[in-house]
Amino acid sequence: MGSQYGTSQQRFIPYGRSARRGEMRIEKIKGGNAHRYGAEDAGGKDWFKITIPHGKKYDKKWLLTSLQNLCPIAFIPLHYSTEGHKVHFYVEDAAAASALCKLTRRITDSEGNRHCMSKRFDASQKSLDLNSIRSDSDLVSHNIEMILNQKNCMQAVIKIIQENIPELLCLNLSNNKLCKLDDIAELVNAAPNVQSLNLSHNELKSERELDKVKGFNLVELWLDRNPLCDDFKDQTTYIRLLFLARVEGWIANDWKDPTLCLQRDCYKEPAVVTMKKEVDGRKMAVPNLQDGHVLPPPICFEVETRTNIPPCKGSRFVSDEIQGLIQRFLQHYYCVYDSGDRQPLLEAYHDGACFSLSLPSINHPSRCRLKDYQEHSRNIKNVKDPSTRFHLLKRSRLTVVAFLNDLPKTQHDMNSVTVDVNTYSRTLLAFTVSGVFKEADDKLRHRVRAFSRVFITVPAQNSGLCIVNDELFVRNATSEEIRCAFAAPAPSISPVLPNLSATQQEMLSAFSKKSEMNLEWSQKCLQDNAWDFHRAAQIFTELKAQGKIPEAAFIK
């Protein structure tokens, strides 16, 4: 600087350190040279030259205004000029020069973003319009890029909203080429009161993206001119999305006339659907289109007077004999299945038994909450490869029971179980068992599942049933099933058949006392050995020595 201006000049270095590259710099100019820089010589006062690296990309008025707003000491900039990417101007006050130096790295693009967003905010409506924010003239003139489909830009916007307008009610993000809404989820904490969200004219391809806005209590959701709208070319699919929006929580679910807007191919204008609270005294949805067209109401039964739907019936058995046979089988089967050691189930399966496990069709496997079962699912709607289907089918009783042992430990709610007999003959009995269970793992003990299981059985030598085919279907329980699950104590198991003779009951009591097994397992052992007390005692001793009798047999 000294050679340039012909005098000895000293650079002002705050805190006794040299300025780093990219930081604001200040140079002290002696009063006698003030006229060279556009300032009058006021009695030999010193002047200070302020240099802002990369300042040229900012608008002069905006840059000086930002500095004046941030600087605690008022100053008057003189002789504003540019040199390459730098900006220079002069100030007279040493205190102001020092204060300006401390603003190094405080002026960033975020200030430009904040200024731009402040112009687009309507305080009376608490509405922020970020439509086509990338092409905003202020941002373009300052060479600031605001691309909302980039994570850093969206996070900068969310931060500004959180710090300045957390009371925001309406947000317009249309025409911003958004293809993902991952960052929108963070906006729930920044502006939890948002009720209207405009996502129209973007690049959203899947309705699953809308899961990210569940945290809002939206009253209006605008989606027109997005690729996902191409899937809704008729009224049926359009209405389906409306109800799905309710179920999935994309829009408010409290009957306050929320609006879901899509652009449909059959209409030139966006179609707005409004949920009416009541129609003829019944809560239902009547979609109305903004362009004057009216979608038909959903198909329903027209009942003039309120009718109580009869309650669902419970289990259906062919006869009392079949009912007793199946109930005994299920009591024994699930007693062992829930005991923690399923190895004794070998006795329940035929040598050539088959087993398969299925889950509901899942569009997004990564969101599946049945991960312990997912890889084994043989849902043929999803599994197309023949070799994979073959591999997922478990064959032989050893393979079946080994697989069952690897499944999560469970506790079934026997009060929830219903049975439907599908086929019955002298040589075959097929029935479906449905109910709920929870996983015994400590981490998952509150997670309730629902199941449906089809057993195909043949008569066994011990007057019981032998499984030749077992199909298990597992799904997540509904809210009603979860509410009712395990609400009542487990039903007591009747250990004695209704037609036991007095001699058999006396024999059962003696065998239970001698073996220390409960009446249920004592009865099973005697029945398997044709009520031969001594043979049953011999078999019991052998099985106990081999460790094949489950602990459940000794629980009284």
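Quick one: Karplus J couplings for segment 73-80, per residue in order, coefficients 6.51, -1.76, 1.60, θ = phi - 60°, nearest Hz, x for Gly and Pro?
Values, residue by residue: 10, 5, 8, 10, x, 10, 6, 5 Hz.
Based on alpha-carbon atoms only, what is the radius of gyration of segment 502-553 relative to the globular estimate 2.2 N^0.38 Å?
On the way: Rg = 10.1 Å, N = 52, 2.2 N^0.38 = 9.9 Å.
The value comes to 1.02.
Pairs to check: Lys86/Lys151; Lys126/Lys214; Lys151/Lys212; Lys180/Lys214; Lys60/Lys177; Lys371/Lys394. Give those whose C-alpha atoms are more than 25 Å from each other in this structure.
Working: Lys86/Lys151 29 Å; Lys126/Lys214 21 Å; Lys151/Lys212 15 Å; Lys180/Lys214 14 Å; Lys60/Lys177 31 Å; Lys371/Lys394 19 Å.
Cα-Cα > 25 Å for Lys86/Lys151; Lys60/Lys177; rest within.
For a Förster distance of 30 Å, can you work out the FRET efficiency between the beta-carbons of Asn308 and Lys371, rounded to the nearest 0.05? Mind showing how you got there, number by number?
Details: r = 41 Å, r/R0 = 1.36.
Result of the calculation: an efficiency of 0.15.
Provide Rg over Rh for segment 45-103; use the alpha carbon set for both Rg and the Kirkwood Rh (inverse mean inverse pair distance). Write out the running numbers ahead of the final one.
Values: Rg = 10.7 Å, Rh = 11.5 Å.
In segment 45-103, Rg relative to Rh is 0.93.
Answer with one residue from Phe403, Thr432, Phe390: the one whose Cα lies farthest towards the positive end of the charge dipole of segment 388-445, charges on Cβ with Lys, Arg +1 and Asp, Glu -1.
Checked the options; the winner is Phe390.
Tell me the relative contact order for segment 502-553 as a rounded percent, counting alpha carbon contacts under 8 Å between residues six or more apart.
Numbers: 29 pairs, mean separation 16.2, N = 52.
About 31 percent, as a whole number.
Which is farthest toward the positive dipole end of segment 45-103 among Tyr90, Cys71, Pro53, measuring Cα position about the Cα centre, with Cβ charges +1 (Lys, Arg) and -1 (Asp, Glu)?
Looking along the dipole axis, the top candidate is Pro53.
Please list, ordered by chain and number, the residues whose modelled amide H lies under 5 Å from the amide H of Asn379; skip anything fewer than 5 residues away on the same chain.
Sorted by chain and number, the residues that satisfy this are Leu359.
Using modelled backbone amide H atoms (1.01 Å from N, in-plane), which distant-in-sequence or interchain residues come within less than 5 Å of Arg447's amide H?
Long-range HN contacts for Arg447: Glu439.
Using a 1.4 Å probe on the protein heavy atoms, what percent of the accessible area of segment 502-553 belongs to carbon and sulfur?
Details: 1530 of 3050 Å².
Of the solvent-accessible surface of segment 502-553, carbon and sulfur hold 50 percent.
What are the ³J(HN,Hα) couplings of segment 405-418, residue after residue, when phi is run through the Karplus curve with 6.51, -1.76, 1.60 and θ = phi - 60°? Round to Hz, x for glycine and proline.
3J(HN,Hα) across segment 405-418, in whole Hz: 5, 7, 6, x, 5, 9, 9, 8, 8, 5, 5, 8, 6, 10.
Using θ = phi - 60° and the Karplus curve 6.51 cos²θ - 1.76 cosθ + 1.60, what whole-Hz ³J(HN,Hα) does each residue of segment 504-510 get, with Gly and Pro shown as x?
Here the 3J(HN,Hα) series is 5, 5, 5, 5, 5, 4, 5 Hz.
The values are calculated or read from the model by the stated rules, or taken from the named source; none is laboratory data. Source: prediction; values computed, not measured. Neighbour counts run over all protein chains shown; Cβ positions are idealised from the backbone, glycine included. Surface areas here come from the heavy atoms of the whole protein model, side chains and all, with no ligands, DNA or RNA. Shrake-Rupley method; radii C 1.70, N 1.55, O 1.52, S 1.80 Å.
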